[in-house]
Amino acid sequence: MAFPISPGSRFHTPEFIVREKDGVFVAIDRDRANWICLNRSGMQIVRALPGKTVEEAASECAASGVLSSEDPGKVLRKFTADLARKEFLSTMPITGELVARAEILKPEKLHEVWIVTNFECNMACRHCYTYERVADDRRRVGKDALLAMMEECRRLGAEVFYLTGGEPLLREDLPDLIEGATRRSRAILFTNGTLVTPEWAKHLSRYRERLVVQVSLEGPDEESNSVLRGTGSFARAMEGIRYLLRAGLRVGVSSTPTPRTASRVPALTRLLAETSEGKHGVDYHHIIYVVHAGNAREGDTARLTATDLIDVVTDCKAAIRQAKREGVKTRLKITNDKIFEAIASNGPRKDMCGAGYTILGINADGMLTPCATTMHDTSFSLGTLLDEREDYVPGEIGRLWRESAAVQRIRSFTVLPREGGKVTDLRFFHGGGCWYHMQDQQGDIKAEHPFYEAYETLTE
């Protein structure tokens, strides 16, 4: 929506900072998560506009040689109209109260729902944040109840279901769940890949138009992968990936770098870029942050520093570029890069993540959660979805999503400065990321979030 411009009135711009590289200037309005890209002349004009009318600014810019002396007013009127359309210029003061999201946003439509199909797993990864349940909890929501939950989530707007565990391939009725998840929606199946057989791949290929399979790997060889996932897991997972590719399925790979494995993750990216079966290659490589819980906490699997996380993402992107320079034909993407491209887009202002708004989780014990990261932590559960017969209570997902006290508390988390001061960073672009990583979710992200610096750097 364009800002207003009245003929003869004086111009106002928002407060902004400027970043320059190779003669390209980016003016950034941090309060509104907005930016414009300009050449040197455009930047000079923007700096000349505040407090002037179009005639005054045109005269000044012509006198300084920024604009041609031949009808500078016409050129400037078009330029200022473009700035107004980008909400970077107005003839009215540009003001706006900073308001926490909970005061203005209500849940309107779900987008994604995470489903823990089962807790049990054939592995005991050293960084598994849900390991207490993986080791001992054998509860599952029944197939009919899960299918009913998916149907209600679709009515609430859900477009994609993430099926995770434990290891979902240990569930005998998983084919029925995948069929339900891909009915008028899309699904991503998470697996460690070691149980994928040609038969499993052939069956999953029935849903390939709406299904992605994401396999977990931590390094490009047995030595690096076994640090977190155990001996023998690398070869079996790579074999599973090849079975899936041969069946024509879309495949992604996720990695959770730790101080012991981070240096090898870019080499894994290179390996994935070179991995293909016929015309099918790996679609993406996604870098996940360690959640300090479960085995990660008990085994002291340390989180990366923000600087090391930046290096991993940057080096993985460089590995793809180098592979292409050397003639490797690949469409592999680093999804974190795509996420930050979206984050750095112009507005709207972002305030934390979509947990409890557009994102929900359904746990294998029948509890509703606000997102995937909180699946192991009952203190963030929104409520139970099952009756005493283990059947789904119709309408309960919608009721808890809109009304539960737990979800109201989660929506109160905000990136607004606690003391009401000015915003001097890019928090309204990246939104603070995952609040669960913060020691105090009510605190300021700059002090409390371990990956604050990474969000800032990767956004910029």
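Which numbered condition in (1) closer than 30 Å to Trp35 by Cβ; (2) outside any loop (DSSP other than H, G, I, E, B) is the only one that Arg409 fails?
Of the numbered conditions (1) closer than 30 Å to Trp35 by Cβ; (2) outside any loop (DSSP other than H, G, I, E, B), the odd one out for Arg409 is (1).
In this structure, is Arg47 charged (D, E, K, R), out of contact with any Gly (no Cβ under 6 Å at 6 or more places or on another chain) and at pLDDT 95 or above?
Details: charged (D, E, K, R): yes; out of contact with any Gly (no Cβ under 6 Å at 6 or more places or on another chain): yes; at pLDDT 95 or above: yes.
Yes, satisfied.
For the range 235-253, which residues satisfy the criterion of being touching a residue at least 40 places away in the same chain (Cβ under 8 Å) and in contact with a helix residue (DSSP H, G or I) (Cβ under 9 Å, 6 or more places away or on another chain)?
Narrowing the range 235-253 to residues touching a residue at least 40 places away in the same chain (Cβ under 8 Å): 236-241, 243-244, 246-250, 252.
Hits for the range 235-253 are Ala237, Met238, Gly240, Ile241, Tyr243, Leu244, Arg246, Ala247, Gly248, Leu249, Arg250, Gly252.
In the set Glu108, Glu112, which member is closer than 30 Å to Leu147 by Cβ, of a type outside the set (A, V, I, L, M, F, W, C) and modelled with pLDDT of 95 or more? I'd like the intermediate steps shown before the answer.
Values: Glu108 fails: modelled with pLDDT of 95 or more.
Of Glu108, Glu112, the one residue that is closer than 30 Å to Leu147 by Cβ, of a type outside the set (A, V, I, L, M, F, W, C) and modelled with pLDDT of 95 or more is Glu112.
Would a scan of the range 207-222 turn up a residue that is without any contact (Cβ under 8 Å) to a residue 24 or more places away in the chain, under 29 Å from Phe161 (Cβ atoms) and buried (at least 20 other Cβ atoms within 10 Å of the Cβ)?
The answer is no, given that none of the residues of the range 207-222 is without any contact (Cβ under 8 Å) to a residue 24 or more places away in the chain, under 29 Å from Phe161 (Cβ atoms) and buried (at least 20 other Cβ atoms within 10 Å of the Cβ).
Could you tell me whether the range 52-74 includes any residue that is surrounded by 15 or more Cβ atoms within 10 Å (Cβ to Cβ) and on the phi > 0 side of the Ramachandran plot?
No; the residues of the range 52-74 include none that is surrounded by 15 or more Cβ atoms within 10 Å (Cβ to Cβ) and on the phi > 0 side of the Ramachandran plot.
Which residues, taken from the range 152-179, are in contact (Cβ under 8 Å) with a residue 12 or more places away in the chain and acidic (Asp, Glu)?
Scanning the range 152-179 gives Glu152, Glu159, Glu167, Asp173, Asp176, Glu179.
Go through Leu177, Leu163, Leu98 for me and flag whichever is at pLDDT below 90 and either surrounded by 20 or more Cβ atoms within 10 Å (Cβ to Cβ) or assigned to a loop (DSSP other than H, G, I, E, B) (or both).
Details: Leu177 fails: at pLDDT below 90; Leu163 fails: at pLDDT below 90.
Exactly one residue qualifies, and that residue is Leu98.
Would you point out which residue out of Gly347, Gly361 is part of a strand (DSSP E or B), under 28 Å from Val407 (Cβ atoms), in contact (Cβ under 8 Å) with a residue 60 or more places away in the chain and not polar (S, T, N, Q)?
On the way: Gly347 fails: part of a strand (DSSP E or B).
Result of the check over Gly347, Gly361: Gly361.
Return the only residue of Leu400, Leu368, Leu386 being touching a helix residue (DSSP H, G or I) at 6+ places or on another chain (Cβ under 6 Å) and either over 14 Å from Cys434 (Cα atoms) or of a type in the set (D, E, K, R) (or both). Full working, then the answer.
Numbers: Leu400 fails: touching a helix residue (DSSP H, G or I) at 6+ places or on another chain (Cβ under 6 Å); Leu386 fails: touching a helix residue (DSSP H, G or I) at 6+ places or on another chain (Cβ under 6 Å).
Exactly one of Leu400, Leu368, Leu386 is touching a helix residue (DSSP H, G or I) at 6+ places or on another chain (Cβ under 6 Å) and either over 14 Å from Cys434 (Cα atoms) or of a type in the set (D, E, K, R) (or both), namely Leu368.
Being within 25 Å of Leu426 (Cα to Cα), touching a residue at least 24 places away in the same chain (Cβ under 8 Å) and not charged (D, E, K, R) is the filter here, so list the residues in the range 30-62 that pass it.
Residues satisfying the conditions are Ala33, Asn34, Trp35, Ile36, Gly42, Met43, Ile45, Val46, Leu49, Pro50.
Run down Thr95, Thr53, Thr91, Thr80 and say which single residue is in contact with a Gly (Cβ under 7 Å, 6 or more places away or on another chain) and among the hydroxyl-bearing types (Ser, Thr, Tyr). Write out each step before concluding.
Details: Thr95 fails: in contact with a Gly (Cβ under 7 Å, 6 or more places away or on another chain); Thr91 fails: in contact with a Gly (Cβ under 7 Å, 6 or more places away or on another chain); Thr80 fails: in contact with a Gly (Cβ under 7 Å, 6 or more places away or on another chain).
Of Thr95, Thr53, Thr91, Thr80, the one residue that is in contact with a Gly (Cβ under 7 Å, 6 or more places away or on another chain) and among the hydroxyl-bearing types (Ser, Thr, Tyr) is Thr53.
The values are calculated or read from the model by the stated rules, or taken from the named source; none is laboratory data. Note that the structure is predicted; figures quoted are calculated from it, not measured. Using ideal geometry, Cβ is built from the backbone for each residue, glycine included, and neighbour counts are taken over all protein chains shown.
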